[in-house]
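Take a look at the structure below.
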Amino acid sequence: MLEKIIALIKEISAFSVNNSEELELFRLKYLSKKGLISELFEDFKNVPVSDKKEIGQNLNLLKQNALEKYNILKSNLSNSEETDSGFDFTRPSHLYSLGTRHPISIVRNELIDIFTRIGFVVSEGPEIEDDDHVFTKLNFAPEHPARDMQDTFYISRLSTEDSSPEDILLRTHTSSVQVRVMQGQKPPIRTISPGRVFRNEAISARAHCIFHQVEGLYIDENVSFADLRQTLLFFAREMFGKDTEIRLRPSYFPFTEPSAEMDVSCKICGGKGCNVCKHTGWLEILGCGMVHPNVLEACNIDSKKYTGFAFGMGIERAAMLKYGVNDLRLYFENDIRFLDQFKTTL
Ligand code: DAH
């Protein structure tokens, strides 16, 4: 019997299993009620008393070894099943592709960057505005067509016939922020106001009912048209390149006098004339002028002491010129193929 026990101890120590079925076979063979070890315990009853001590010790050792072996085999198996979960740890990792900033955000940030370098600070105003800040204080005549329901989204209007300074509307331009800044601060004022604006327009490649503008305002003693021109030349060259030229054409806005529109030399043809600039060599980029004395007075700024300039430009338009985008709708469609092309740190 002793030889049998020692043979089983050796057999068990050499035993290995590859899966849970084989482990179960191990348990049945050695450890179950009808297994070999139970059988030996049955036979032990017939062992002569003189051999009982030695055989008993070895039989206990066999049982202990078998139990330990079973536990080790079981835990090895469950570890290897965990690692065998179908996940290949040696596979090369794949990096998540980074998102990009929207081109409108890139150009807005660039505009802010350019103007803050020459002392302008950013200010913001509400998108839901009143007629007073959008039109009346900016010297719009009561019957001005911009106040028409056809052009402006109204939230509430006191009368369907006439507009009133208390009417609530979606701002049609960021010039409303200059009114708020002038009402709240004393000159010198140097500010730019980026923001979203709304106009009642049919959506097409060239127009949208929601778009973005940046408004600029500089009020101090002795601010002249030459200051305006030089500031805008600096901006154009920073934004579109060192060789960019500008030209100012006389124009009309109710809130500036004199008023002008600014063109930049066409980047695509270098001013020679192409399809983009309609063979003129110039691209229109913004409106500007000297702040009308009526506007200064409406905002409690002494128009005898102070003068100032203002300008306003569409961010979509600036981005179109910078990137050669020819359809405004692309900015709003969230097409990843379009957005993926704009990689920048700004
Ligand atoms: N508010 C004008 C617009 O939406 C743009 C503009 C023109 C702003 C001339 C100005 C300015 O400050 O001086 O078309």
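The values are calculated or read from the model by the stated rules, or taken from the named source; none is laboratory data. Bear in mind the structure is a predicted one, so any value in this text is a computation, not a measurement. Backbone-built Cβ (ideal geometry, glycine too); neighbour counts: all protein chains shown. The area values use the complete protein model at the heavy-atom level, side chains included, leaving out ligands, DNA and RNA. Shrake-Rupley method; radii C 1.70, N 1.55, O 1.52, S 1.80 Å.
Taking only protein heavy atoms and a 1.4 Å probe, the accessible area of the chain is 52% carbon and sulfur. On the beta carbon distance between Asp113 and Lys272, with R0 = 35 Å, the FRET formula returns roughly 0.70. Projecting the Cα atoms of Tyr30, Pro145, Ile55 onto the dipole axis of the chain, where Lys and Arg carry +1 and Asp and Glu carry -1 at the beta carbon, places Ile55 farthest toward the positive end.
Once the Kirkwood radius over Cα pairs is known for the stretch 103-339, the Stokes-Einstein relation at 37 °C and 0.692 mPa s delivers a diffusion coefficient of 178 µm²/s. Estimated from helical segments only, the mean residue ellipticity of the chain at 222 nm is -11500 deg cm²/dmol, where each DSSP H run of four or more residues counts as -39500 (n - 2.57). Taking all protein chains into account, the per residue accessible area for the stretch 177-241 stands at 44 Å² (1.4 Å probe). Ordered from highest to lowest accessible area with the whole protein assembly present and a 1.4 Å probe, Asp43, Asp132 read as Asp43, Asp132. The stretch between Asp43 and Arg229, if pulled fully straight at 0.36 nm per residue, gains 55.7 nm over its current Cα-Cα span. In this simple spin-label approximation, Asn326 and Lys74 carry label points 7 Å from Cα along the Cα→Cβ vector, and these lie 7.5 nm apart. Using the Cβ-Cβ distance between Tyr154 and Arg206 with R0 set to 30 Å, the FRET efficiency works out to roughly 0.80. Just checking the listed ones, Val47, Val325, Val264: in the Gaussian network model of the chain with Cα springs under 10 Å, the one fluctuating most is Val47.
Counting only DSSP beta bridges with both residues in the chain, what percent are antiparallel, rounded to the nearest 5? Of all bridge pairs located within the chain, approximately 95 percent are antiparallel. Heavy atoms of the protein chains alone define the surface here; on that basis the stretch 1-50 has 69 Å² accessible area per residue at 1.4 Å probe size. Put a plus charge on the Cβ of each Lys and Arg, a minus charge on the Cβ of each Asp and Glu, and nothing anywhere else: the dipole of the chain about its Cα centre is then about 1140 debye. Inter-label distance, Tyr252 to Glu124: 3.6 nm, where each label sits 7 Å from its Cα along the C-beta direction. Here's the picture: charge each Lys and Arg Cβ at +1 and each Asp and Glu Cβ at -1 in the chain, and of Asn300, Gly195, Phe342 the one pushed furthest to the positive end of that dipole is Phe342.
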